[in-house]
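The block underneath contains the structure these notes are about, expressed in structure tokens.
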Amino acid sequence: MLIDGKWVDARSGKTLPVEDPATQEIVTHVPAAEKADVDRAVEAARRAFESGPWSRLSPAERSKMVWRLGDLLEQHADEFAEIESLDAGKPVGNARNQDVEGAIGLFRYMAGWPQRLAGETVPVSSTGDWHAYTLREPVGVVGQIIPWNFPLLMLSWKVAPALAAGCTIVLKPAEQTPLSALRFGELVAEAGIPDGVVNILTGYGEAAGAALAAHPDVDKIAFTGSTEVGKLIVRAAAGNLKRVSLELGGKSPAIVFPDADLDHAIAGTADAIFYNQGQCCTAGSRLFAHKSIYDRVVEGVAAQAGKLKIGHGLDPSVNLGPLVSKDQHDRVSGFLQSGRAEGAEVVTGGNAIGDKGYFFEPTVLAQTSRTMRVVREEIFGPVVCVQSFDDDDLDAVAKFANDTEYGLLASVWTRNLKVAHMMARKIKAGMICINAHNYGDAAWPFGGYKQSGWGREMGKEVMEHYTETKSVAARL
Ligand code: ADP
């Protein structure tokens, strides 16, 4: 693990195994950090924040370092794509074109922020002469806990803006996928970033993650993961009222209107659920098709599922890799059992594949209804629940879409501009895509309503997470 610029083992000497989910072989072992290691890393981050060379860098120098990280990722892009494929089971082409490319773009976008983070002069009305203004200051030592579905990309969403703002970092990757974060740790020194600014701890959530979330000297915690763990983070953060931002689960609707370009909508909504084996917080897991096109949509998405080549992610011809772990495989299998028991029709898929590796068939469930567990809960696998709607009243359609405790993303498929933009207003979600799904861009704020989280990442909004506003008033 990387603490204060040095590669160290856990104090306890404990390790955790890293598995290739396609073969179930143990690839390597990494340190299993616990509270003592978190304490060390937070101390290093505090020192670097308060008194190290980092705190004295100009915005331009900080910008250059963040940019350099993007360059270094680009230089090693193929290597990172292979690491992601091996560790998370991703098709290597997706890892290269989406995960790694996205991370490079994120560092480059964020490199533009240090010199643009400005306060304002404030036109106050109090009696007398005043000069009032605000300063934007880094929030301090930031704990960042990320999930296994996009390990390097989630790292970049967290690390790049925090560095741009001038914070120091203790990052904990998911125990299932620690490898790209460790390799990234080697680039941190190459980019010229001083010791202690970025610390990377591998370890289990309940040990390392919980200790980081509760740590009294951490000023802010940024978390991406399940809604369940998000609630634990909020409780743990209450001790010192550290700032909290959360990017949590979803049960995102994809709504296909009868006037949509159906070939495009079918391919797009199939990709919305099968991309990354359905392990996306924004996955289009609830598909609503107008009754007049319902059969075509169901058949079309099932046909798309049939075309996917399933196998080891390192085989470049593969479109669908394994699920990340045995736990995840058991979870998805359990949901299929529940869906069948509650009366869903399995149009295609529905089963685990083979006896080695955590493969699961891309699955289409029809005849689903709002009360079924498969419709209400986040499955995080390649399983889509299709429902029909027969009401052309947009409020009624929005009510279907909003019938969930989540509110992350929704997609609307139509050629009618009015329908598209009216639906964008009516749906309670942090992100709306029109004739697209699973969209993301470094400049586009990302985050959710309701139990999908607190705050927005990326774009200019993420800078709010990593800065405090200080108001200054001078009597003249
Ligand atoms: P998933 O259900 O997708 O595996 P989790 O929310 O369990 O997602 O995990 C996301 C991240 O949160 C991982 O890095 C994991 O180690 C961490 N984590 C899990 N439990 C806790 C906890 N109690 N406190 C802090 N972090 C945790």
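Data for the structure
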{"item": "Contacts under 7 angstrom Cβ, first residue in region 128-141 being farther than 20 Å from A45 by Cβ, partner surrounded by fewer than 19 Cβ atoms within 10 Å (Cβ to Cβ) and among the acidic types (D, E), 6 or more apart", "result": "Y133/E120; T134/E120"}
{"item": "Candidates G230, G239, G225 - the one that is out of contact with any Lys or Arg (no Cβ under 7 Å at 6 or more places or on another chain), open to solvent by 10 Å² or more (accessible area, probe 1.4 Å) and within 28 Å of S411 (Cβ to Cβ)", "result": "G225"}
{"item": "Only listed residue being touching a residue at least 60 places away in the same chain (Cβ under 8 Å), within 10 Å of the ligand (Cβ to nearest atom) and touching a Phe, Trp or Tyr at 6+ places or on another chain (Cβ under 6 Å), chosen from T168, T177", "result": "T177"}
{"item": "Selection status of G343, more than 16 Å from the ligand (Cβ to nearest atom) and either open to solvent by less than 20 Å² (accessible area, probe 1.4 Å) or of a type in the set (D, E) (or both)", "result": "no"}
{"item": "From T414, T368, residue being more than 30 Å from G166 (Cβ to Cβ), modelled with pLDDT of 95 or more, touching a Phe, Trp or Tyr at 6+ places or on another chain (Cβ under 9 Å) and surrounded by fewer than 23 Cβ atoms within 10 Å (Cβ to Cβ)", "result": "T414"}
{"item": "Check on R235, over 19 Å from the mean Cα position of the chain (by Cα) and not aliphatic (A, V, I, L, M)", "result": "yes"}
{"item": "Failed condition for K35, given (1) open to solvent by 40 Å² or more (accessible area, probe 1.4 Å); (2) closer than 28 Å to S317 by Cα; (3) not hydroxyl-bearing (S, T, Y)", "result": "(2)"}
{"item": "Flag for I193 being aliphatic (A, V, I, L, M), within 11 Å of the ligand (Cβ to nearest atom) and either outside any helix (DSSP H, G or I) or in contact with a His (Cβ under 9 Å, 6 or more places away or on another chain) (or both)", "result": "no"}
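Residue-wise test of (1) within 26 Å of A60 (Cα to Cα); (2) crowded, with 22+ Cβ neighbours inside 10 Å.
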residue: A103; (1), (2): yes, yes
residue: W113; (1), (2): yes, yes
residue: P123; (1), (2): no, no
residue: L135; (1), (2): yes, no
residue: V141; (1), (2): yes, yes
residue: I146; (1), (2): no, yes
residue: P151; (1), (2): no, yes
residue: A160; (1), (2): yes, yes
residue: C167; (1), (2): yes, yes
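The values are calculated or read from the model by the stated rules, or taken from the named source; none is laboratory data. Quick caveat, the model's predicted, so the values are computed rather than measured. Reconstructed Cβ throughout: ideal geometry from the backbone, glycine too, with neighbour counts over all protein chains shown. Just so you know, the surface numbers come from the protein's heavy atoms only, side chains and all, with ligands and any DNA or RNA stripped out. Shrake-Rupley method; radii C 1.70, N 1.55, O 1.52, S 1.80 Å.
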